[in-house]
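Working notes, beginning with the structure itself.
The values are calculated or read from the model by the stated rules, or taken from the named source; none is laboratory data. None of the values given here were measured: they were computed from a predicted structure. Glycine gets a Cβ as well: all are built from the backbone with ideal geometry, and neighbour counts include every protein chain shown.
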Amino acid sequence: MNTDHFLAKLLNRAKDLRSDALKTRTHRKPVVLDQQSVGRLSRVDALQVQAMALETDRRRSAELKEIMSALDRIASGEYGQCRVCDEDIDSARLEIIPTATKCILCADL
């Protein structure tokens, strides 16, 4: 399997995720609960925005770990092989989920 396409796809996605993390870092900062400058609803809204940003960042980090693992598999020559049955993962599946570690049959189990 030619992994150059998937390598480029994974590297581009990692770059996008890192860029998004930099753009949203202010949303993840602790919320200042200054009762003089903001009302109660504004504080609740700020806390909600922070919680959503933290969860998004957690998911972003998890995806980056999956990408790094896929890049390691490319480097070792194991990319595109199912970790359960050792069969090749269909390239159409890898096109949609380039970090996939299981073929569609094993993923359904």
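Taken together, the residues in the stretch 70-90 that are exposed (fewer than 13 other Cβ atoms within 10 Å of the Cβ) and assigned to a helix (DSSP H, G or I) amount to 3.
Among the criteria (1) within 18 Å of residue 21 (Cβ to Cβ); (2) modelled with pLDDT of 95 or more; (3) buried (at least 16 other Cβ atoms within 10 Å of the Cβ), the one residue 53 does not fulfil is (2). For the stretch 1-21, the set of residues classified as under 16 Å from the mean Cα position of the chain (by Cα), touching a residue at least 12 places away in the same chain (Cβ under 8 Å) and loosely packed, with under 15 Cβ neighbours inside 10 Å consists of 11, 18, 20, listed by residue number.
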